[in-house]
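Beneath this line is the structure, given in structure tokens, with notes to follow.
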Amino acid sequence: MAARRGHRPSQAPAGRPRFWGRHAVAAAFENPERVVRKIWATREASAALDIPADVPIVFAEVTDLARLVPGDAPHQGIVIEVEPLEDMWLADLLQQGQDDKRPLIVLDQVTDPHNVGAIMRSAAAFDALGIVTPDRHAPPESGTIARAASGALEIVPWVRVVNLARALDEIAEAGFWRVGLTGEATQTLNQAMGTQRVALVLGAEGEGMRQNTASHCDELARLPISPKMESLNVSNAAAVALYAAASR
């Protein structure tokens, strides 16, 4: 397959991510809000999926598909080119959750797409209301996120905000108790959460939450992990925190 002029084969046109792997692709097909522009697939992989009849498909060999994705990405015989989902307003997300106690995840400059995707997967597993990230310091939709999320990118609302501190104020006004996770806190997450609606705020690995973000939390808390380990990966910490919130 020839590459588009001006692009390497592994790149999609500007603004259009490529997804790969059967879980991510099948979830994209099932999402009525997702526009799929093109499909590349082996005949074997295409036969195992319910492919929309109105989307152009190019049948290709496994080696051809490998040129469409980064590095050693496990495409499992299918790659699609999609339009990014439409932006969602924070106020709309908060309105959706006003009658329940589903937790909200807020990520402060978590830029690794593998971590963001894994957190989305946990958010779907524990029925979180959604995820809020800064617009500038978070990865865009991508095949890496879609793969790590294993379909959750299509079902977990993702709000990107210009100013995270202002967003945390809006979250508080909607009735959420904002708990920032940090290893330096004296109280545990269970002690800090109470029974009200909770927004779990997590910072990037290494740097953690920025000071301004921490100052916009109602409580700071830690996970009660063994002193043998200094900290958890942010996606693991999010999964543990979501479980704790869901099991109150």
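Throughout, read-outs are computed from the coordinates displayed, never taken from laboratory work. Fair warning: this is a prediction, and the values are worked out from it, not measured in the lab. Note: ideal-geometry Cβ built from the backbone for every residue, glycine included; neighbour counts use all protein chains shown.
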Note the angle between two axes, namely the Cα long axis of helix 113-125 and the longest principal axis of the Cα atoms of the chain, as a number of degrees from 0 to 90, rounded to the nearest 10.
-> 70 degrees
Can you give me the Cα centroid spacing of the range 137-207 and the range 77-100 in angstrom?
-> 15 Å
Quick one: order Ile57, Ile131 by neighbouring beta-carbon count within 10 Å, fewest to most.
-> Ile57, Ile131
Which angle from 0 to 90°, rounded to the nearest 10, does the C-alpha axis of helix 234-246 make with the longest principal axis of the chain?
-> 60 degrees
To the nearest 10 degrees, the tilt of helix 164-173 (Cα long axis) against the first principal axis of the alpha carbons of the chain is 60 degrees
How do Phe19, Phe59 rank when sorted from fewest to most other Cβ atoms within 10 Å of their own Cβ?
-> Phe59, Phe19
Magnitude of the Cβ-charge dipole of the range 90-246, K/R +1 and D/E -1, about the Cα centre, nearest 20 debye?
-> 260 debye
Asserting the computed 222 nm helical MRE of the chain (DSSP H runs at least 4 long, -39500 (n - 2.57) per run, divided by residue count, to nearest 500) equals -8500 deg cm²/dmol
Farthest toward the dipole's positive end in the range 90-246, which of Gln211, Leu90, Ser235, given Cβ charges of +1 (Lys, Arg) and -1 (Asp, Glu) about the Cα centre?
-> Ser235
Given the options Lys38, Lys101, Lys228, which has the most mean-square fluctuation in a GNM of the chain, springs set between C-alpha atoms less than 10 angstrom apart?
-> Lys228
Quick one: order Val35, Val179 by neighbouring beta-carbon count within 10 Å, fewest to most.
-> Val35, Val179
Label corresponding to Rg and Dmax of the Cα atoms in Å when calculated from the structure given, among (i) 19.5, 63; (ii) 20.8, 64; (iii) 19.5, 58 = (iii)
Using the per-residue mean of other Cβ atoms lying within 10 Å as a proxy for protection, in what order, highest first, do the peptides 43-50, 211-218 fall?
-> 211-218, 43-50
